[in-house]
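**Student:** To start, I am sharing the structure in question, which I have written as structure tokens.
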Ligand SMILES: Nc1ncnc2c1ncn2[C@@H]1O[C@H](COP(=O)(O)OP(=O)(O)O)[C@@H](O)[C@H]1O
Ligand SMILES: [Mg+2]
């Protein structure tokens with residue numbers, strides 16, 4: 001017999017109480033584990049979705065009108081240009097995942113039906129890099145290679161408007177002998193309305209050799225956007241437009257959702273800790289006589305404290321195991337509920353079977369047990385044997 | 001002659017709110033090694049208080065207590081635990097067994113605290129000594145009152161104490177069983193253990209060598225049963241009045 005078997009037997013003796021305490025711990029750990037895994041899952045998913053926004057930062061030539069961003073987003077011509085040196089400088093900044101050069105130009109063509117002049121926006125791009133930025137791009141037909149000539153991709157919206165099909169050749173304008181080799185599937189954004197050609201071709205057609213209008217940047221880690229854009233600002237010639245106009249709002253929402261989540265976690269912890277301490281203290285009170293007897297037969301306060309602590313750790317460990325299991329099993333339920341409450345809920349699954357998190361939840365429940373058991377253990381170790389025995393008799 | 005228990009001018013005052021309760025008023029108490037002493041007295045006279053002070057379960061308000069030559073006054077709790085472990089075996093009226101532990105495990109329990117090496121045959125010896133050789137694996141709920149008290153006595157014996165302090169050990173037992181428990185005490189006493197037994201039962205108390213009478217926290221009488229039973233080798237105790 002040792003302290004552990006003694007603790008186990010003591011717990012089995014008070015089955016009802018033990019069960020309730022274990023249940024209390026289990027619920028606390030379930031909540032904690034769910035919230036924590038939601039928190040980490042939320043962050044991960046959010047990061048992933050932000051990643052799929054593609055471009056995080058745009059570099060445009062300095063001196064552009066402040067509306068450069070909207071100009072770029074919606075099409076238009078920027079009168080100044082960036083160079084390969086700028087691209088090199090941007091690429092060498094820490095934290096940049098991808099920096100791809102673009103030349104955006106526009107030409108006017110008369111609409112066949114209405115006879116009005118309509119601006120057409122053409123992007124010269126490096127196809128592989130852009131596809132990395134926009135992994136959702138799918139094409140009917142095929143993508144071009146960067147060194148092909150006289151080839152063009154068009155957005156779905158543009159294709160429909162102009163009655164373009166794969167294989168057709170643009171009838172007029174500066175690209176009049178370009179073959180449309182692919183039509184992008186609908187993306188729901190401006191890409192649907194644009195022409196895309198290899199960067200070198202755009203530079204050739206518009207006579208802008210070596211010139212760029214934009215460098216589109218994707219950062220490795222979203223939290224680095226600020227830092228990277230500050231670094232980019234330091235490059236002369238460059239004006240930085242971050243996507244924080246859009247993303248900042250989302251990030252703020254996500255941030256407040258997270259602090260809400262954390263608050264709930266902390267409150268849940270405090271409540272469960274007090275619940276556990278209370279239950280343990282009650283059981284200590286009930287057992288003063290038993291502790292008194294133990295002192296009478298040679299137990300020191302430390303011995304009794306150890307026993308109470310062993311019982312507590314036992315309870316919390318079992319509770320932690322049950323709670324973690326329950327959280328994993330019930331995670332989908334909880335996830336559905338939480339998602340309905342969060343702004344900008346990610347599409348993917350937020351609760352993941354993260355072994356570190358499981359380890360943490362278990363370690364945490366034991367630490368919780370130690371903390372919650374310490375006070376009752378201290379109280380029980382301080383009971384004078386005489387008081388304890390009398391207390392029990394009366 | 002120096003005794004194994006030497007208590008001088010013991011005072012124990014309890015405070016209950018503003019009221020002071022004098023459980024022990026200036027008690028001198030002397031027990032020689034190997035003696036069998038009983039204490040009687042009406043309810044509330046301070047018998048339990050005295051026994052608890054003697055067993056270092058409770059510290060006296062004032063007075064001195066030497067156990068086996070060690071002055072216990074002012075000792076820290078950690079030292080008192082040691083004194084208790086090495087010298088004293090306690091037996092209570094309510095047995096105070098752990099209901100989840102078998103008789104054997106209950107007897108073994110003090111070893112867990114004293115960290116003495118656990119020798120299975122030692123536990124067997126004790127079980128035999130208290131007459132429970134065939135009851136070792138029974139839970140307290142499967143034992144009779146007398147058997148439960150035997151387990152408690154076995155538990156008091158396992159650490160080889162010098163003194164057994166028993167507080168109304170037969171208070172919950174019928175007269176036949178009580179007599180059997182007393183026989184066990186006498187047998188242990190013959191093996192050299194010092195016995196101090198508090199009891200309500202005058203018949204049993206008279207079977208001790210000395211019988212002290214407590215009243216209102218004071219020792220008001222000491223009868224030397226040895227004289228009656230023909231033994232004269234025990235000095236008559238000075239009685240504080
Ligand atoms: N912890 C305590 N607090 C207050 N009064 C106590 C306490 N312990 C004992 N007493 C009082 O001290 C007196 C002696 O009690 P006790 O030694 O238990 O008597 P006995 O065992 O002879 O019946 C009683 O009046 C009792 O009420
Ligand atoms: Mg009493």
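Just so you know, all these numbers are worked out from the coordinates, no wet-lab data involved. It should be emphasised that the depicted structure is a prediction, and the values quoted were computed from it without experimental measurement. Quick reminder, even Gly has a Cβ in these numbers, built from the backbone with ideal geometry, and neighbours come from all protein chains shown.
**Student:** Can you say whether residue B:90 is within 16 Å of ligand 1 (Cβ to nearest atom) and either surrounded by 21 or more Cβ atoms within 10 Å (Cβ to Cβ) or in a helix (DSSP H, G or I) (or both), as far as the supplied structure shows?
**Tutor:** yes
**Student:** Sticking with this structure for a sec: Being part of a loop (DSSP other than H, G, I, E, B) and within 16 Å of ligand 2 (Cβ to nearest atom) is true for just one of B:59, B:2, B:45, B:38. Which residue is that?
**Tutor:** Answer to the check: B:45.
**Student:** When residue B:163 is evaluated against the numbered criteria (1) within 16 Å of ligand 1 (Cβ to nearest atom); (2) under 24 Å from residue B:110 (Cβ atoms), which criterion, by number, is the only one it fails?
**Tutor:** In the conditions (1) within 16 Å of ligand 1 (Cβ to nearest atom); (2) under 24 Å from residue B:110 (Cβ atoms), residue B:163 misses (1) alone.
**Student:** Follow-up. For the structure I just gave you, tell me whether residue B:61 is within 15 Å of ligand 1 (Cβ to nearest atom), farther than 28 Å from residue A:9 by Cβ and facing chain A (nearest Cβ under 9 Å).
**Tutor:** So residue B:61 fails the test.
**Student:** Within the range B:70-77, can one find any residue that is more than 11 Å from chain A (Cβ to nearest Cβ) and not in a loop (DSSP other than H, G, I, E, B)?
**Tutor:** Yes.
**Student:** List the number of the failed condition for residue B:141; all other conditions in (1) within 14 Å of chain A (Cβ to nearest Cβ); (2) under 17 Å from the mean Cα position of the chain (by Cα) hold.
**Tutor:** (2)
**Student:** May I ask you to say which residue of B:33, B:20 is surrounded by fewer than 22 Cβ atoms within 10 Å (Cβ to Cβ) and either assigned to a strand (DSSP E or B) or within 16 Å of ligand 1 (Cβ to nearest atom) (or both)?
**Tutor:** Criteria check complete, one pass: B:20.
**Student:** In addition: For the range B:157-172, give me the residue count where each residue is assigned to a loop (DSSP other than H, G, I, E, B) and within 16 Å of ligand 2 (Cβ to nearest atom).
**Tutor:** 5
**Student:** Search the range B:37-52 for residues being more than 6 Å from ligand 1 (Cβ to nearest atom) and within 13 Å of chain A (Cβ to nearest Cβ), and hand back the single one that is farthest from residue B:206 (Cα to Cα).
**Tutor:** Among residues in the range B:37-52 that are more than 6 Å from ligand 1 (Cβ to nearest atom) and within 13 Å of chain A (Cβ to nearest Cβ), the one farthest from residue B:206 (Cα to Cα) is B:52.
**Student:** Could you tell me which of the residues B:154, B:136 is more than 9 Å from chain A (Cβ to nearest Cβ), away from ligand 2 (no atom under 16 Å from the Cβ), closer than 23 Å to residue B:34 by Cβ and in contact with a helix residue (DSSP H, G or I) (Cβ under 6 Å, 6 or more places away or on another chain)?
**Tutor:** That would be B:154, the only listed residue that is more than 9 Å from chain A (Cβ to nearest Cβ), away from ligand 2 (no atom under 16 Å from the Cβ), closer than 23 Å to residue B:34 by Cβ and in contact with a helix residue (DSSP H, G or I) (Cβ under 6 Å, 6 or more places away or on another chain).
**Student:** Which members of the range B:174-219 meet the condition of being in contact with a helix residue (DSSP H, G or I) (Cβ under 8 Å, 6 or more places away or on another chain) and within 16 Å of ligand 2 (Cβ to nearest atom)?
**Tutor:** Passing the criteria: B:196, B:197, B:198, B:199, B:201, B:204, B:214, B:217.
**Student:** While we're here: Can you pull out the residues in the range B:99-110 that are touching a residue at least 24 places away in the same chain (Cβ under 8 Å) and within 7 Å of chain A (Cβ to nearest Cβ)?
**Tutor:** Once the filter is applied, which keeps residues that are touching a residue at least 24 places away in the same chain (Cβ under 8 Å) and within 7 Å of chain A (Cβ to nearest Cβ), the range B:99-110 yields B:99, B:100, B:101, B:108, B:109, B:110.
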